[in-house]
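The values are calculated or read from the model by the stated rules, or taken from the named source; none is laboratory data. Nothing here was measured: the structure is a model prediction, and the numbers come from that model. Glycine also receives a Cβ, built like all others from the backbone with ideal geometry; neighbour counts cover every protein chain displayed.
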Amino acid sequence: MDLILSAIEILMRWDVALALLTGSVGGVLIGAIPGVGPAVAIAILLPATFSMDPIVGLTVLLGIYGSSMYGGSIPAILINTPGTAVNALTTYDGYPMTARGEPRRALSLAYSASFFGGTFSVICLILFAPVLARIAPMFGSREIFLAALLGIILVIVAHRGQSLIAGALACFGIFLQSIGLEPVKYTSRYTFDQSFLSSGIDLIVVVLGLFALSQAFVLLTDVDEKVRLTKLRGGMFQGMRELARHPRVAGVSASFGVVMGMIPGVGEFTAQFLSYTYAQKSSKRPQDFGHGSSEGLIAAETANNAVPAAAMVPLLALGIPGEALTAMMLSVFYVHNVVPGPGLFQNDMDFVVALYIALLILNVLVLAFLLLATRSLVQVVRIPNRFLGVCILTLSFVGVYSLRNSATDCLIAAVFGLLGYILKRLALPSVPIILGMVLGGIMEVKLRAGMARVKEPLDFIDRPIAFILFLIIIMVLAIHIRRVFLDRRELKEAEWQTRNASTRFGKLMLRRRNSFLKDRGKKVRERHSKLLRRLTGLF
Amino acid sequence: MPTERERRFVGPRRGQIIFGVAFVAASLLLLSQIGSQTRWVDKTEFFAQPRFWPAVGLGGMVLLGGLHLYRLPWWRATRYDWWEARKWVSVLEFGLWFMVYVFLVPVIGYLPVTLAFVPALAWRMGYRSGFMIAISLVFAVAVVFLFKTLLGVKIPGGMLYEYLPGGLRGFFILYL
């Protein structure tokens, strides 16, 4: 109780209240505009928060992070375009409801589900905080290294079908963080004798390039879409009553959100997928899913809004961000000399609880704002795409230039903007680059510190938590390899099934008859065997 | 008709081969420089070597990038790939707009450059009505007011502000 009271004391300031209000309203607005998203907004605002108190700066950013998904459900439901990427599943059941004339019902249900998910996860984490405070000090250098390694592996394997390039991009991030003057032996790495590379490549410059500038480029080269908005009819409070009729779906989805949010690199998509699948399988009307099912909408919205608070756990307790947005927040901590990790939980527990209470208040503010202002808010989806691009390009300047007043930083950000644009065009992930940069830095420091205290490599995992983390890493890799193997087998089976010609050996020989009998075929085979002999002779 | 492997590929086909080749080539080039760009320090553990983490990063880029390239269902660049590359190059125009904005702010000043930049780019993008230009101007003023005047982010005053008379000069440098 004392802890909660001292946390409330931290929040009882006018600037924190203003930050909460700005974060919540700003986050909803940003979420409601398709094509902006919280990553762009946080990247732009990040340098502006450096001059604020840590609690104020973090409240603004948390506000944007936590409330953008509320706003993102508005265009997802009304115009079938998700406001943020994680609202994609909301379109499945939200838009069909609008199409059959129930936009208000869909919106109020989405708000209620989001509110339930958000508050459920914050309450869970406030209750869970004392346990975390006891576990966190058990994490030394080795455990943090292994947790960071697990995070990076999870990010890579989460990109199904793209894990190779996701891994390559994560390695690119690791390489980027190693550029500059190395802090222990004071040797320069990949600076090519250029002074601007000596201090390394700033994470925020890369983030702004990959998220904000690339998005500006995408919008500037896009075409404007005509938006037709449906008129809103009906009450906004019916969603609450409807949510109360599905406590099981809401409870399980929120729990999935909390658990998945806490695991680095997993996040909203997995939580949504699991809860949606659960809701569909346990529903009495599974055929309605994808055609305007209220349970589907509840599952999707509850799960994704339960994630932001939970995603703060690995960041605050271990200093390990699980995704791009929390990676950006990590830099705010560092700027204010607040080092997230076990020490924060031991010494500044009230600060951690204050952040959670801020998230709780934020959810109430956002719900109240949305219930009152939805009618006016829906107009923001009318902003033309390319004009949005102009606005983001202008705002990106503030983000990059205000860091060090360096034109070189802006040039580097523009180069990363181009890279981000290419990645977006090719549907390749850019998040592994950011996490590679952040987690690579953590891994470098922790591995050096951890290895200094062990005699043999196996001693690295002789502590219980290190051993458990090591086992989890092996398990994740084994599951991934098995999945890749099964996918390959399935692909081969599908390829054989689509072949018109027979796959029997005799028929195969018959098809190659000409090659066997004609002189040209003999010559080609002779040449190939000669090349093969020469090649084997080399070894 | 696309093959099964092509159908299961995540993402569009266009441009993948060019990106894959460029990524692996750049990684190989950087890896070839590891001897001259990093140092091996004597009497230092293997994991604490300054060369270790660049090697992990670049090794991973070459290995995983190479495997990605090898596993691509297509091996030849078609004209669609080159069209896509041309699309990437076309974005350089907006990069140039951005850099011009960056270079002009410390010379002319944040407010005047933003007031010219936003409507000019909006004009370039085809928003030529009086209403849109007015919106652009309002947006430009709002950005400067919010970030420089209210939040006080570090953006230097323009060199041209030096020629303003006494009190106005200080005000412009600090707030606009």
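Residues that are in contact with a Phe, Trp or Tyr (Cβ under 7 Å, 6 or more places away or on another chain): list the helices (runs of 4 or more DSSP H) wholly contained in the range A:1-53 that include at least 2 such residues. Of the helices (runs of 4 or more DSSP H) lying wholly inside the range A:1-53, those with at least 2 residues that are in contact with a Phe, Trp or Tyr (Cβ under 7 Å, 6 or more places away or on another chain) span A:14-32, A:37-49.
Scanning the range B:23-40 turns up one or more residues that are closer than 21 Å to A:Ser163 by Cβ, touching a residue at least 40 places away in the same chain (Cβ under 8 Å) and in a helix (DSSP H, G or I). When you check A:Lys231 against the structure, is it of a type in the set (D, E, K, R), at pLDDT below 85, surrounded by fewer than 16 Cβ atoms within 10 Å (Cβ to Cβ) and closer than 27 Å to B:Gly35 by Cβ, yes or no? Against the criterion (of a type in the set (D, E, K, R), at pLDDT below 85, surrounded by fewer than 16 Cβ atoms within 10 Å (Cβ to Cβ) and closer than 27 Å to B:Gly35 by Cβ), A:Lys231 does not qualify.
Here B:Leu96 meets each of (1) surrounded by fewer than 15 Cβ atoms within 10 Å (Cβ to Cβ); (2) modelled with pLDDT under 95 with one exception, condition (2). Once the range B:95-108 is narrowed to residues that are within 9 Å of another protein chain (Cβ to nearest Cβ) and in contact (Cβ under 8 Å) with a residue 12 or more places away in the chain, the residue that is nearest to B:Met159 (Cα to Cα) is B:Pro106. Screening B:Leu121 against (1) more than 7 Å from chain A (Cβ to nearest Cβ); (2) surrounded by 15 or more Cβ atoms within 10 Å (Cβ to Cβ); (3) within 30 Å of B:Phe19 (Cβ to Cβ) leaves a single unmet condition, (1).
Report every pair of residues separated by at least 6 positions or lying on different chains whose Cβ atoms are under 6 Å apart, first residue within the range A:145-164 and more than 18 Å from B:Leu72 (Cα to Cα), second assigned to a helix (DSSP H, G or I) and among the basic types (Lys, Arg). That search, which allows pairs on different chains as well, returns A:Phe145/A:Lys446. Got at least one residue in the range B:45-68 being of a type in the set (Gly, Ala, Ser), touching a residue at least 40 places away in the same chain (Cβ under 8 Å) and facing chain A (nearest Cβ under 9 Å)? Yes; the residues of the range B:45-68 include at least one that is of a type in the set (Gly, Ala, Ser), touching a residue at least 40 places away in the same chain (Cβ under 8 Å) and facing chain A (nearest Cβ under 9 Å).
Here A:Ala244 meets each of (1) surrounded by fewer than 19 Cβ atoms within 10 Å (Cβ to Cβ); (2) in contact (Cβ under 8 Å) with a residue 24 or more places away in the chain; (3) more than 10 Å from chain B (Cβ to nearest Cβ) with one exception, condition (2). Within 26 Å of A:Ala76 (Cβ to Cβ), more than 14 Å from every other protein chain (Cβ to nearest Cβ) and among the polar types (S, T, N, Q), is that true of A:Asn363? Answer is yes for this residue.
Please go through the range B:3-44 and pick out each residue that is of a type in the set (Lys, Arg), farther than 25 Å from A:Val445 by Cβ and either facing chain A (nearest Cβ under 7 Å) or exposed (fewer than 15 other Cβ atoms within 10 Å of the Cβ) (or both). Don't jump to the end; show me each part of the working.
Of the range B:3-44, the ones of a type in the set (Lys, Arg) are B:5, B:7-8, B:13-14, B:39, B:43.
From what's left, farther than 25 Å from A:Val445 by Cβ: B:5, B:7-8, B:13-14.
Matches in the range B:3-44: B:Arg5, B:Arg7, B:Arg8.
Looking across the range A:381-414 at every residue that is within 23 Å of A:Pro82 (Cα to Cα) and basic (Lys, Arg), the one that is farthest from the other protein chains (Cβ to nearest Cβ) is identified as A:Arg382.
Considering only helices (runs of 4 or more DSSP H) fully contained in the range B:86-176, which possess at least 2 residues that are under 23 Å from A:Ala41 (Cβ atoms) and of a type outside the set (Lys, Arg)?
Working: elements: B:92-108, B:110-124, B:130-144, B:166-175.
By residue number, B:92-108, B:110-124, B:130-144.
If you scan the range A:1-50, which residues turn out to be small (Gly, Ala, Ser) and farther than 21 Å from A:Cys410 by Cα? Spell out how you get there, then give the answer.
At the first step, the residues of the range A:1-50 found to be small (Gly, Ala, Ser) are A:6-7, A:17, A:19, A:23-24, A:26-27, A:31-32, A:35, A:37, A:39, A:41, A:43, A:48.
Result: A:Ser6, A:Ala7, A:Ala17, A:Ala19, A:Gly23, A:Ser24, A:Gly26, A:Gly27, A:Gly31, A:Ala32, A:Gly35, A:Gly37.
If only residues of the range B:161-176 that are under 30 Å from the mean Cα position of the chain (by Cα), without any contact (Cβ under 8 Å) to a residue 60 or more places away in the chain and surrounded by 14 or more Cβ atoms within 10 Å (Cβ to Cβ) are counted, the one that is nearest to A:Thr49 (Cα to Cα) is B:Tyr175.
Yes or no, residue by residue, for (1) more than 20 Å from the chain's Cα centre (by Cα); (2) surrounded by fewer than 24 Cβ atoms within 10 Å (Cβ to Cβ); (3) in a helix (DSSP H, G or I); (4) modelled with pLDDT of 85 or more:
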{"site": "A:Leu297", "(1), (2), (3), (4)": "yes, no, yes, yes"}
{"site": "A:Val307", "(1), (2), (3), (4)": "no, no, yes, yes"}
{"site": "A:Ile320", "(1), (2), (3), (4)": "no, no, no, no"}
{"site": "A:Met328", "(1), (2), (3), (4)": "no, no, yes, no"}
{"site": "A:Leu367", "(1), (2), (3), (4)": "yes, yes, yes, yes"}
{"site": "A:Leu371", "(1), (2), (3), (4)": "yes, yes, yes, no"}
